[in-house]
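Below: one structure, written as structure tokens.
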Amino acid sequence: MNDRRSSAPARSDPRQALARARRVIVKLGTGVLTTPAGAFDRDRFDALCAGLARVASERELVVVSSGAIALGVEKLGLRARPTEIPMKQAAAAVGQSRLMRLFDDVLGARGLTVAQVLLTHGDVQSRTRYLNARHALERLLERQVIPVINENDTVSVEEIKFGDNDTLAGMAVDLIGADLLVVLTDIDGVYTADPRLDPAAVKLDELDGIDERMLQSAGESLSGLGTGGMASKLRAARRAGESGVATLIAPGRQERVLERAFEGEPVGTLVTAPAGRGTGRQRWIARDLKPGGELRVDDGASRALVDHHKSLLPSGIREVRGTFDQGEAVEVRDLAGRAIARGLSGYSSDDLKRIAGRRSSEIESILGYKYFDEAVHKDDLVLVTESGNGG
């Protein structure tokens, strides 16, 4: 692992990524939220919420939180985290409402509103569910609500067996268009070796991305209640880095860790990301998705997309070609047939044919319902060249 603490003074401070970040994901792990004996640590939770409130006062904040199973174990009087899948699901079902009540009580006392968002990996991988989740999260953030995301452990058997919230946090980077991922863990940061096993291990203040060798040498979880070890945190950081987003892996049990991190103190390990890269979602839309149809738009809509990076409204659509469902990729072309953009459609092809050329205010009266004002929202739209690559 490459420790850059001795880097040349002329290099700009990479921790300015924290100061610049306007939309932040903070992931709270089970090891941070529980005592060494496995009980939910309410004092630590209160202290972390003070830091979350500070972040939310200056930035848009999304929280990815573990802890539901641990709280369920506590409420059900179990001696240890269950190993049987149905019992884990039962503990999650009991604990999730308790977890959200704690967030609501503690952050609500600071004048903040929270919302529960339960996701599975399938929600992120499905185009339609991804689009619906993204728009719901956007609406919450627009209203200064803090989404608290957790895996839907009661139903997501594969995730409860093999997954962890580190992975979910890495996926959420693209889902919400985050500028920074903060992963709070029960150790000080990334070390040259597992410090719980090797007393000579040295903490790294900064890393230039994550390679396969690092992942192979990283330790797995030693916690009785958590599922993710350092390897899962590095995988999340690598996924964020592929989207051009830095990750701070920081000691969640240290006092005022979030406040100190955003004040510029070198806490934890900052995993930097290559500069000048589009988000993974943009690359996914522009390069990886095969368009299911085509939208021909008028000159006004074309200018709005290309020159002003606006959303595509139904009023600008002149023709709908192909058959596709809501959330599928579509190619946007001008009246001359030139490809100008690719995006995720907010409506099916049948619905778009009915509302093409009409004002957004007419959608509900025509269809009987309305998902969005936009045919393709600007956040789900990428300008493209004729080759299909991101512009």
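At a glance:
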{"quantity": "Evaluation of Leu225 against (1) at pLDDT 85 or above; (2) in a loop (DSSP other than H, G, I, E, B); (3) buried (at least 17 other Cβ atoms within 10 Å of the Cβ) (one fails), failing number", "calculated": "(1)"}
{"quantity": "Of all residues making up segment 128-173, the number that are at pLDDT below 85, of a type in the set (D, E, K, R) and buried (at least 20 other Cβ atoms within 10 Å of the Cβ)", "calculated": "4"}
{"quantity": "Hits in segment 19-34 (condition: farther than 19 Å from Gln254 by Cα, at pLDDT below 95 and buried (at least 22 other Cβ atoms within 10 Å of the Cβ))", "calculated": "Ala21"}
{"quantity": "Residue pairs meeting the criteria (Cβ under 8 Å; at least 6 apart or on separate chains; first assigned to a loop (DSSP other than H, G, I, E, B), in segment 119-133; second not aliphatic (A, V, I, L, M))", "calculated": "Thr120/Glu151; Thr120/Asn152; Thr120/Ser156; Thr120/Glu159; Ser126/Gly327"}
{"quantity": "Residues that are under 15 Å from Leu184 (Cβ atoms), basic (Lys, Arg) and in contact with an Asp or Glu (Cβ under 9 Å, 6 or more places away or on another chain), drawn from segment 42-80", "calculated": "Arg54"}
{"quantity": "In segment 237-273, residue farthest from Val202 (Cα to Cα) [restricted to those that are among the acidic types (Asp, Glu) and outside any loop (DSSP other than H, G, I, E, B)]", "calculated": "Glu242"}
{"quantity": "Filter result for the condition that a residue is part of a loop (DSSP other than H, G, I, E, B), of a type outside the set (Asp, Glu) and either under 25 Å from the mean Cα position of the chain (by Cα) or over 23 Å from Val145 (Cβ atoms) (or both), over Ala80, Ala17, Ala91, Ala70", "calculated": "Ala80"}
{"quantity": "Strands (runs of 3 or more DSSP E) enclosed by segment 313-382 - at least 2 residues per element that are more than 24 Å from Leu141 (Cβ to Cβ) and without any contact (Cβ under 8 Å) to a residue 40 or more places away in the chain", "calculated": "317-322"}
{"quantity": "Which listed residue is at pLDDT 95 or above, more than 20 Å from Ile176 (Cα to Cα), out of contact with any His (no Cβ under 6 Å at 6 or more places or on another chain) and buried (at least 19 other Cβ atoms within 10 Å of the Cβ), from Leu99, Leu61", "calculated": "Leu99"}
{"quantity": "Complete set of residues in segment 332-391 that are loosely packed, with under 15 Cβ neighbours inside 10 Å, modelled with pLDDT of 95 or more and β-branched (Val, Ile, Thr)", "calculated": "Ile366"}
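The values are calculated or read from the model by the stated rules, or taken from the named source; none is laboratory data. Bear in mind that the values here come from a model prediction, so they are computed numbers and not experimental data. Cβ coordinates were reconstructed from backbone atoms using ideal geometry, including for glycine residues, and neighbour counts include every protein chain displayed.
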